[in-house]
Amino acid sequence: MALKAEIISIGSELVSGQSLDTNSQWLSRELGSLGIPTAFHTTIGDDLDDNVGVFRTAAERADLVLTTGGLGPTQDDLTRDALALAANVGLREDPESLAAIAAMFARRHRTMSERNKVQALFPEGADPLPNAIGTAPGIWMGLGRATFACMPGVPSEMRLMFQEQVIPRLRLRHWVERIIVHRKISLFGRGESDIEAEALDLTARGHVPEVGITVHDATISFRIRGEGLTPEAAWSQTEETADLIRSRFGPLVLGEGTTDVADALVAELTRTGASLATAESCTGGLVAHLITAIPNVSPFYPGGVVSYSNQAKTNFLDVPAELIQAHGAVSPEVAVAMAQGALRRFGADVAVSTTGVAGPGGGSPEKPVGLVYLGLATRDHAEARRLEIGPEQPRDVIQSRSSKQALNWVRLTLQAWPDKAGSDAGSR
């Protein structure tokens, strides 16, 4: 029978929304990689009765319970008290833990207050989990059908304690005998339903390895789950499926891991040695922001212009005023002229532009909200593309999708360019 885990996050700041619970997400992923599924996430505030009740419930329905928070020295740190009450036992002082806490204060040249001594109290029958970088030791204890591992809420302390103290104890119990790996391959350029229609054989129930599809901000991700007795075996189980996704979807594939459109574009800029300039209207600098958020892009991105007004398009990108008057700012002609202007101004190898109606107002029957034109220019070619993102979409979605489409167009263009070592970028 498979183990069932529960993760309990403790703190009134979490349930009130003042702080974000990142510990539960991290622990779920770590447990998953060890082959232990998480069945429940519970978040509770700093109330003793609530803590006792939640602990007793978890002890009846889970085999492994991981808690974070409530181990500090203040009066609202209640984990040790609640666990003792849930087990109907008293608290005892652990001399080794008290000495470790005192030594931590001494190393930091701080005076330990009397209140810090409560951190050395443990429910009867519990074992301390040493904290190598903080003053709050954790607690390892059996309760009901479950084993509890209580850890500090500080993420750095919790993660180290989980890796150094909890995982070895799980291995001693033979609860960790299989390794699970998760791989993510991201795609961009087509809709989720279209992608899934071509991958029904991969996402079918019972497929080995297990494959799922998620979407975020128009980026489609295949998530592959591999399982084996060793990390190498688990990874090997995913290889054929990963290769099939890459071959089947070709240019749509951005990469693996945390890769999104901007990451994949910067990889192409780095490979080719090409430089990119940007000219933006409706996206208001978002294209430039997405590019410059990627480390080490400086050699390949000389800069960009946010030309929100017609006058700015003329003054900074040399777009003829008569062209704007004849076709309107939202037009393929102006998109091309903007890209060409950025190319000249920055001496770049390629430039991309955006101009459109981001809404919620400003649309017309001829040029509705959600209509965006992209322009792309190189030293020997220029063209425009029309995007119809939809008048029902909010402003931020229109801007985001337009920006990513612009970056993706440049990425696909650069894929046909040779590597920097085999070409002269200045000849393009």
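Selection over the range 289-315 of residues that are under 30 Å from GLN325 (Cβ atoms) and among the hydroxyl-bearing types (Ser, Thr, Tyr) gives a count of 4. Residue count for the range 333-381 satisfying the condition of being touching a strand residue (DSSP E or B) at 6+ places or on another chain (Cβ under 6 Å) and open to solvent by 10 Å² or more (accessible area, probe 1.4 Å): 8.
Conditions (1) in contact with a Gly (Cβ under 8 Å, 6 or more places away or on another chain); (2) part of a helix (DSSP H, G or I); (3) farther than 30 Å from ILE245 by Cβ, marked per residue:
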| position | (1), (2), (3) |
| --- | --- |
| THR147 | no, no, yes |
| LEU160 | no, yes, yes |
| GLN165 | yes, yes, yes |
| ARG171 | no, yes, yes |
| GLU177 | yes, no, no |
| ARG183 | yes, no, no |
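Does the range 65-73 contain at least one residue that is open to solvent by 10 Å² or more (accessible area, probe 1.4 Å), more than 24 Å from PRO168 (Cβ to Cβ) and modelled with pLDDT under 95? Scanning the range 65-73, I find at least one residue that is open to solvent by 10 Å² or more (accessible area, probe 1.4 Å), more than 24 Å from PRO168 (Cβ to Cβ) and modelled with pLDDT under 95, so the answer is yes. Given the residues ARG246, ARG190, which is the only one that is open to solvent by 70 Å² or more (accessible area, probe 1.4 Å), touching a Leu at 6+ places or on another chain (Cβ under 9 Å) and within 30 Å of TRP417 (Cα to Cα)? Of the residues listed, the single one that is open to solvent by 70 Å² or more (accessible area, probe 1.4 Å), touching a Leu at 6+ places or on another chain (Cβ under 9 Å) and within 30 Å of TRP417 (Cα to Cα) is ARG190. Sub-6 Å Cβ pairs linking a first residue in the range 1-17 that is without any contact (Cβ under 8 Å) to a residue 60 or more places away in the chain to a second residue that is open to solvent by less than 40 Å² (accessible area, probe 1.4 Å), at least 6 apart or interchain, are VAL15/GLY45, ordered by first then second residue.
Within the range 315-332, can you find the residues that are among the hydrophobic types (A, V, I, L, M, F, W, C), touching a strand residue (DSSP E or B) at 6+ places or on another chain (Cβ under 8 Å) and part of a helix (DSSP H, G or I)? Quick ask: steps written out before the conclusion?
If we filter the range 315-332 for residues that are among the hydrophobic types (A, V, I, L, M, F, W, C), which is where we start, we get 316-317, 319, 321, 323-324, 326, 329-330.
So of that shortlist, the ones also touching a strand residue (DSSP E or B) at 6+ places or on another chain (Cβ under 8 Å) come out as 316-317, 329-330.
Hits for the range 315-332 are PHE316, LEU317.
Of all the listed residues (ALA274, ALA234), the sole one being surrounded by 15 or more Cβ atoms within 10 Å (Cβ to Cβ), touching a residue at least 24 places away in the same chain (Cβ under 8 Å) and assigned to a loop (DSSP other than H, G, I, E, B) is ALA274. A Cβ distance below 7 Å, combined with a sequence gap of six or more or placement on separate chains, defines the contacts here; from the range 372-394, residues that are among the polar types (S, T, N, Q) reach residues that are assigned to a loop (DSSP other than H, G, I, E, B) in the pairs THR378/ASP349; THR378/ARG428; GLN393/GLY370. In the range 194-211 there is at least one residue that is on the phi < 0 side of the Ramachandran plot and touching a helix residue (DSSP H, G or I) at 6+ places or on another chain (Cβ under 6 Å). Looking at the range 195-216 only, could you name the residues that are surrounded by 11 or more Cβ atoms within 10 Å (Cβ to Cβ) and part of a strand (DSSP E or B)? Passing the criteria: GLU210, VAL211, GLY212, ILE213, THR214, VAL215.
When SER221 is tested against (1) open to solvent by 20 Å² or more (accessible area, probe 1.4 Å); (2) outside any loop (DSSP other than H, G, I, E, B), only condition (1) is not met. Does any residue of the range 280-298 turn out to be more than 25 Å from PRO332 (Cα to Cα) and over 26 Å from the mean Cα position of the chain (by Cα)? No: zero hits.
When the range 78-119 is limited to residues that are in contact (Cβ under 8 Å) with a residue 12 or more places away in the chain and assigned to a loop (DSSP other than H, G, I, E, B), the one that is surrounded by the fewest Cβ atoms within 10 Å (Cβ to Cβ) turns out to be SER113. Filtered by the rule that a residue be of a type in the set (Val, Ile, Thr) and open to solvent by 40 Å² or more (accessible area, probe 1.4 Å), the range 5-35 gives VAL15, THR22. Every listed requirement among (1) at pLDDT 95 or above; (2) outside any helix (DSSP H, G or I); (3) open to solvent by 30 Å² or more (accessible area, probe 1.4 Å); (4) within 30 Å of VAL52 (Cα to Cα) is met by ILE133 save one, (1).
The values are calculated or read from the model by the stated rules, or taken from the named source; none is laboratory data. This one's a predicted model, so the numbers in the text were calculated from it and none came from an experiment. Counting neighbours? That spans all protein chains shown, and the Cβs are built from the backbone with ideal geometry, glycine included. With ligands, DNA and RNA removed, areas are computed over all heavy atoms of the protein, side chains included. Shrake-Rupley method; radii C 1.70, N 1.55, O 1.52, S 1.80 Å.
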